[in-house]
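Notes follow once the structure below has been shown.
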Number of protein chains: 2
Amino acid sequence: MEVVTKKVEVCFSPALFNYYQNPEAIVVVVDVLRATSAICAAFMNGVEKVIPIGTVEEAIEYKNKGYLVAAERDGFVLDFADFGNSPFNFTANRVKGKTIVYSTTNGTQAINIASSCYSVVIGAFINISALSNWLKKQQRDVIIFCAGWKGRFSLEDTILAGALTEKLLESASYETVCDSALASLDLWYVAKPNLLVYINKTAQRNRLKKNGLDDVIEYCHTPDITDIIPIYTNGFLTAITQ
Amino acid sequence: MEVVTKKVEVCFSPALFNYYQNPEAIVVVVDVLRATSAICAAFMNGVEKVIPIGTVEEAIEYKNKGYLVAAERDGFVLDFADFGNSPFNFTANRVKGKTIVYSTTNGTQAINIASSCYSVVIGAFINISALSNWLKKQQRDVIIFCAGWKGRFSLEDTILAGALTEKLLESASYETVCDSALASLDLWYVAKPNLLVYINKTAQRNRLKKNGLDDVIEYCHTPDITDIIPIYTNGFLTAITQ
């Protein structure tokens, strides 16, 4: 039986997504610090639905309609919002069974950009094994889409892209000839022996530290806290039931 | 005496250049396989002036006006052109004292995009030490601008960016907090012990091999063949006289 291999590609910024566009691919959106880690945590704690939106104006509109709103810019909770962007915000007593509207500096825009592809799921260290196992069952091309920082390349998203690429390439069903995927993989091998020390040098880690928001770094780099895989369909995220 | 440190940043694609834009910076344009290596080789062999242009239409116009034209797309010489994109094309007997109009898939567009900054110079492995020594004398921020491949990230340009970043950071005058520069540096450390074996896996190396154009790989990764530094001023490149 012929093995049909599927491609793994990595896109480093929303501004590059056009060059990686593939309508047949599943896109994994990655914003490790902190949007996609927080979204996974919210679903783990029982949120029913997350509506990712781009602009602050939309977030305010939803708030005025009575929705619970998570909204952050440059790491800070916007004053009208119920939640910011820390995974620790989304505790079960606050989110269980609820719908949350979510707007962040980088992550939620990436979800919307990716929605032209076959499907869009949410990736983080905290759900990495469940995600890679689920992806392997789908037998589709995969684009790992790093949200980056305001269009710029982000090292922590790239490290996660490398870790996920490694897991996918363990299966004979995947191959890659994508320079970004190869670079991510090599950077992951450099970071892997001491991930938290490595992440310490990233720009976003330093931004969060400067703003006293770095309590989430270790949590966001802990693998497999949850089996939840959020998927984007018809304008909102729900948890895939497996 | 206070040491005023200057920033080193790396931009991975022309589509990201807006996010790294800095009018005070010197931009080093990098397209290792093959445009910037070929431009350095041409100046080493005595070309007087290179006019980098974007489109094939412009290249044809210049040809019709009687200019010598180097024009390539996807690695292939365009049929009206006098030269393609191989550094081996630009021999002294063909280029000495001449002006050449140059249009390539990625590199010449990057030069034009970068021209809004303080100055634009051409970087390659074949001029890396001369270039880094010259940069250190300028005491300005440096953006290493990888031309990439049709907007996508390119590993061989990134490896050169890392090698140049390493040389600059040897001087106390430079620092970096740029994730792309840190990633380039780590990838360079991975590649450095056996550069040609490492480069063997890149997408562009495989494109060139497939098209029988890979005779230039070793040359383009050989450091310090020349001390020439091409600089872009008023619409054309000339060699900096030191």
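I'm trying to understand the selection: among the residues of segment A:205-242, which are within 18 Å of A:PHE90 (Cα to Cα) and in a helix (DSSP H, G or I)?
A:ASP214, A:ASP215, A:VAL216, A:ILE217, A:GLU218, A:TYR219, A:CYS220, listed by residue number.
Identify the residue in segment A:186-218 that is more than 10 Å from chain B (Cβ to nearest Cβ) and more than 20 Å from the chain's Cα centre (by Cα) and, among all such residues, is nearest to A:ASP74 (Cα to Cα).
A:ASN211
Tell me, please, whether a residue that is closer than 19 Å to B:GLY107 by Cβ and either touching a Pro at 6+ places or on another chain (Cβ under 9 Å) or not acidic (Asp, Glu) (or both) can be found in segment B:188-200.
Yes, segment B:188-200 has at least one match.
If the requirement is being of a type outside the set (S, T, N, Q), modelled with pLDDT of 95 or more, farther than 29 Å from A:SER132 by Cα and buried (at least 17 other Cβ atoms within 10 Å of the Cβ), which of these qualifies: A:LYS6, A:LYS63?
The conditions single out A:LYS63.
Against the definition (more than 14 Å from every other protein chain (Cβ to nearest Cβ), in contact with a helix residue (DSSP H, G or I) (Cβ under 9 Å, 6 or more places away or on another chain) and either farther than 29 Å from A:ASP224 by Cβ or of a type in the set (Gly, Ala, Ser) (or both)), how does A:ALA59 come out, yes or no?
Answer is no for this residue.
Please go through segment A:15-24 and pick out each residue that is touching a residue at least 60 places away in the same chain (Cβ under 8 Å) and surrounded by fewer than 22 Cβ atoms within 10 Å (Cβ to Cβ).
Listed by number, the residues that qualify are A:ALA15, A:PHE17, A:GLN21, A:ASN22, A:PRO23, A:GLU24.
Got a sec? Which of B:ALA183, B:ALA161, B:ALA172 is more than 8 Å from every other protein chain (Cβ to nearest Cβ), modelled with pLDDT of 90 or more, over 22 Å from B:ASP74 (Cα atoms) and in a helix (DSSP H, G or I)?
Residue meeting the stated conditions: B:ALA161.
Among the residues in segment A:10-31, are any more than 14 Å from chain B (Cβ to nearest Cβ), part of a loop (DSSP other than H, G, I, E, B) and in contact with a helix residue (DSSP H, G or I) (Cβ under 6 Å, 6 or more places away or on another chain)?
Checking segment A:10-31: not a single residue is more than 14 Å from chain B (Cβ to nearest Cβ), part of a loop (DSSP other than H, G, I, E, B) and in contact with a helix residue (DSSP H, G or I) (Cβ under 6 Å, 6 or more places away or on another chain).
One residue is enough: does segment A:82-96 have a residue meeting the conditions part of a strand (DSSP E or B) and surrounded by 17 or more Cβ atoms within 10 Å (Cβ to Cβ)?
Scanning segment A:82-96 turns up at least one residue that is part of a strand (DSSP E or B) and surrounded by 17 or more Cβ atoms within 10 Å (Cβ to Cβ).
Return the only residue of B:THR91, B:THR104, B:THR108 being at pLDDT 95 or above and of a type outside the set (Lys, Arg).
Of the residues listed, the single one that is at pLDDT 95 or above and of a type outside the set (Lys, Arg) is B:THR91.
Check B:GLY162 against each of (1) crowded, with 22+ Cβ neighbours inside 10 Å; (2) more than 12 Å from B:VAL10 (Cβ to Cβ); (3) within 17 Å of the chain's Cα centre (by Cα) and name the one condition it does not meet.
Checking B:GLY162 against (1) crowded, with 22+ Cβ neighbours inside 10 Å; (2) more than 12 Å from B:VAL10 (Cβ to Cβ); (3) within 17 Å of the chain's Cα centre (by Cα), the one that fails is (2).
Could you please find all residues in segment B:133-157 being away from chain A (no Cβ under 13 Å) and charged (D, E, K, R)?
Those that are away from chain A (no Cβ under 13 Å) and charged (D, E, K, R): B:LYS136, B:LYS137, B:ARG140, B:ASP141.
Determine whether B:VAL101 is within 15 Å of the chain's Cα centre (by Cα), more than 14 Å from chain A (Cβ to nearest Cβ) and over 22 Å from A:GLY148 (Cβ atoms).
It is false that B:VAL101 is within 15 Å of the chain's Cα centre (by Cα), more than 14 Å from chain A (Cβ to nearest Cβ) and over 22 Å from A:GLY148 (Cβ atoms).
Any idea which residue in segment A:139-158 is surrounded by the most Cβ atoms within 10 Å (Cβ to Cβ), counting only those that are assigned to a loop (DSSP other than H, G, I, E, B) and among the basic types (Lys, Arg)?
So the residue we want is A:ARG140.
The values are calculated or read from the model by the stated rules, or taken from the named source; none is laboratory data. No experiment lies behind these values; they were computed from the predicted model shown. Positions of Cβ are generated from backbone atoms using ideal geometry, with glycine treated the same way; all protein chains shown enter the neighbour counts.
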